[in-house]
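Asker: I'd like to ask some things about the structure below.
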Amino acid sequence: MFGLRLGARPQAIVTTTPKPKRFYLRLINDAKSHVTKVSTFANQANLAQGFIDGILAEYEGTRLYRQEVHAEVLTDLPGQLFRHEVFDRDRMPAESMPPQFFSKIVIGLDPAASSNENSDETGIVVVGLGPEAADPRKIYVLEDASGVMAPNEWARRVFQLYEYWQADLVVAEKNMGGDMVAHVLRSEAPSMRFQLVTATKGKAVRAEPVSLLYEQGKVAHVGPFSRLEDDLACLTVDFSRAKAGFSPDRADALIWAVSALRRYVQPRSASGAILAPRQTWMS
C-alpha cells in the first residue's frame with residue numbers, strides 16, 4: 001500500500017484465491033474496491049480437456065472446488081475451532097495494562113528450524129492471567145511478537161519480553177529444535193525460567209480445549225492481532241499442515257501459553273470445586 005503514492009489516482013490490482021483471511025475480507029467489503037470474480041471455466045479454451053474432465057470433475061461439489069474454480073469466499077469452515085466473531089466479541093481496547101495487574105504471565109514459544117526467507121515463522125505470544133480476586137478469572141492475550149528470526153534473535157526477543165512483562169515462565173516447543181532450544185535460551189538468559197514441551201498429539205487435539213475457553217469468554221485479546229487471529233481461524237478439527245500449505249506458528253505459541261494457564265480458569269461446580277478436565281485436555 002505504501003507504493004500507491006504517486007500520480008493523480010493510484011490504484012492496485014490484486015489477484016488471489018479468495019481465502020477467508022481478514023485482510024482479504026476487508027479488501028473485498030471495502031466500498032472503494034471493485035471486485036471481479038472469474039471462474040476457471042472462463043479460461044476453458046486454453047486448458048487441457050483432460051484437466052476439465054478429470055481433475056475438475058473429481059472435485060466437483062466440494063468446498064475446494066467452490067473456492068478454487070468459482071472464486072467463492074468460504075467463511076464457514078467446517079470444524080472450525082476459532083472464529084473471528086468470538087475474538088471481536090471479547091476484545092478489549094489496546095491500552096496499557098501493567099504487568100502488576102496479572103497474577104501470572106506466560107510466554108509461548110514455537111521456534112522455527114531455520115531463518116531464511118522461505119522459513120516458517122517463530123511464534124512468540126505473551127498471555128497473562130487476570131488477578132486472583134477476579135471472578136471469573138480470565139486469560140488475556142497481550143502481545144504477538146512472532147516473525148522469521150534466527151535462534152539468537154528469537155531468544156533475545158523472548159528475554160526482552162520476559163523482562164518487560166515480568167513473566168513467570170516461557171513454554172517452548174522443542175519438536176523442531178530439540179536440545180538446541182534449551183541451549184539457546186540458557187545462553188541468552190541463564191536466569192530465565194522455561195519449560196520445554198513436546199507436541200505428541202495433533203494440532204487440533206491441542207487446540208480444542210483452548211478453543212473452548214474462547215467460546216466460554218475466558219480468553220480476551222487486548223487489542224487487534226490480525227495475523228495471529230487469521231492463524232487461529234484456519235485451525236479445524238482435521239487441520240493438516242501438508243494440505244494447508246503452511247504452519248500456524250503464531251497459533252501454536254498461543255496454544256502452548258494458554259494451556260499453561262488453563263487449569264486456573266477451568267469450570268467450577270456449584271460447590272466451587274474445579275471440575276475434572278475433558279479427556280482430550282492437556283495435563
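Asker: Only one of Arg157, Arg206 is within 27 Å of Arg91 (Cβ to Cβ), more than 16 Å from the chain's Cα centre (by Cα) and among the charged types (D, E, K, R); which? Even if it seems obvious, please write down each step before you answer.
Answerer: Working: Arg206 fails: more than 16 Å from the chain's Cα centre (by Cα).
Exactly one of Arg157, Arg206 is within 27 Å of Arg91 (Cβ to Cβ), more than 16 Å from the chain's Cα centre (by Cα) and among the charged types (D, E, K, R), namely Arg157.
Asker: Is it the case, given these coordinates, that Asp168 is in contact (Cβ under 8 Å) with a residue 24 or more places away in the chain, farther than 11 Å from Gly108 by Cα and buried (at least 17 other Cβ atoms within 10 Å of the Cβ)? I'd like the intermediate steps shown before the answer.
Answerer: Numbers: in contact (Cβ under 8 Å) with a residue 24 or more places away in the chain: yes; farther than 11 Å from Gly108 by Cα: yes; buried (at least 17 other Cβ atoms within 10 Å of the Cβ): yes.
Answer is yes for this residue.
Asker: Could you count how many residues in the stretch 126-154 are touching a strand residue (DSSP E or B) at 6+ places or on another chain (Cβ under 8 Å) and polar (S, T, N, Q)?
Answerer: Residues that pass the stated criteria total 1.
Asker: Has the stretch 175-186 got any residue that is closer than 30 Å to Arg83 by Cα and surrounded by 13 or more Cβ atoms within 10 Å (Cβ to Cβ)? First the steps, then the outcome.
Answerer: Kept after step one, since they are closer than 30 Å to Arg83 by Cα, are these residues of the stretch 175-186: 175-176.
Narrowing the set further to residues that are surrounded by 13 or more Cβ atoms within 10 Å (Cβ to Cβ) leaves 175-176.
Within the stretch 175-186 (the criterion being closer than 30 Å to Arg83 by Cα and surrounded by 13 or more Cβ atoms within 10 Å (Cβ to Cβ)), the answer is yes, since at least one residue qualifies.
Asker: Out of the residues in the stretch 129-155 that are in a strand (DSSP E or B) and in contact (Cβ under 8 Å) with a residue 60 or more places away in the chain, state the one that is surrounded by the fewest Cβ atoms within 10 Å (Cβ to Cβ). Walk me through it before giving the result.
Answerer: Pass one, the stretch 129-155, residues in a strand (DSSP E or B): 129, 139-144, 147.
If we keep only those that are in contact (Cβ under 8 Å) with a residue 60 or more places away in the chain as well, we get 129, 139-142, 144.
Details: Leu129: 22, Ile139: 25, Tyr140: 20, Val141: 24, Leu142: 23, Asp144: 23.
Once the filter is applied, the top-ranked residue is Tyr140.
Asker: Also, I was wondering about something else. Can you tell me which residues in the stretch 198-226 are in contact with a helix residue (DSSP H, G or I) (Cβ under 6 Å, 6 or more places away or on another chain) and closer than 30 Å to Glu163 by Cβ?
Answerer: Residues of the stretch 198-226 that are in contact with a helix residue (DSSP H, G or I) (Cβ under 6 Å, 6 or more places away or on another chain), as a first pass: 206-207, 210, 214, 217-221, 226.
Selection gives Arg206, Ala207, Val210, Tyr214, Lys218, Val219, Ala220, His221, Ser226.
Asker: Just to verify a result, which residue in the stretch 228-246, among those that are buried (at least 18 other Cβ atoms within 10 Å of the Cβ) and either touching a strand residue (DSSP E or B) at 6+ places or on another chain (Cβ under 9 Å) or in a helix (DSSP H, G or I) (or both), is modelled with the lowest pLDDT? Let's see the steps before the verdict.
Answerer: Step one: of the stretch 228-246, the residues buried (at least 18 other Cβ atoms within 10 Å of the Cβ) are 228-235, 239.
Keeping just the survivors that are either touching a strand residue (DSSP E or B) at 6+ places or on another chain (Cβ under 9 Å) or in a helix (DSSP H, G or I) (or both) gives 228-235.
Values: Leu228: 94, Glu229: 93, Asp230: 88, Asp231: 90, Leu232: 93, Ala233: 89, Cys234: 85, Leu235: 89.
Checked the stretch 228-246; the qualifying residue modelled with the lowest pLDDT is Cys234.
Asker: Now, a different point. Residues in the stretch 211-225: is at least one among the β-branched types (Val, Ile, Thr) and assigned to a helix (DSSP H, G or I)? Steps first, answer last, please.
Answerer: Taking the stretch 211-225 and keeping what is among the β-branched types (Val, Ile, Thr), we get 219, 222.
So of that shortlist, the ones also assigned to a helix (DSSP H, G or I) come out as none.
Looking for residues that are among the β-branched types (Val, Ile, Thr) and assigned to a helix (DSSP H, G or I), one finds none in the stretch 211-225, hence no.
Asker: Inside the stretch 26-58, can you point out the residues that are surrounded by 10 or more Cβ atoms within 10 Å (Cβ to Cβ) and either assigned by TED's automatic domain parsing to the domain that holds Lys243 or β-branched (Val, Ile, Thr) (or both)?
Answerer: Hits for the stretch 26-58 are Ile28, Val35, Val38, Thr40, Ile52, Ile55.
Matching residues to (1) crowded, with 16+ Cβ neighbours inside 10 Å; (2) assigned by TED's automatic domain parsing to the domain that holds Val148; (3) touching a Pro at 6+ places or on another chain (Cβ under 8 Å):
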{"site": "Glu60", "(1), (2), (3)": "no, no, no"}
{"site": "Pro78", "(1), (2), (3)": "no, no, no"}
{"site": "Met92", "(1), (2), (3)": "no, yes, no"}
{"site": "Phe101", "(1), (2), (3)": "no, yes, yes"}
{"site": "Ile105", "(1), (2), (3)": "yes, yes, yes"}
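Asker: If you go through the stretch 210-228 one residue at a time, how many are among the charged types (D, E, K, R) and within 27 Å of Asp135 (Cβ to Cβ)? Walk me through it before giving the result.
Answerer: First, the residues of the stretch 210-228 that are among the charged types (D, E, K, R): 215, 218, 227.
Remaining after also requiring within 27 Å of Asp135 (Cβ to Cβ): 215, 218.
The qualifying residues number 2.
The values are calculated or read from the model by the stated rules, or taken from the named source; none is laboratory data. Since this is a predicted model, take the numbers as computed values, not measurements. Because the Cβ atoms are built from the backbone with ideal geometry, glycine has one as well, and the counts that use them run over all protein chains shown.
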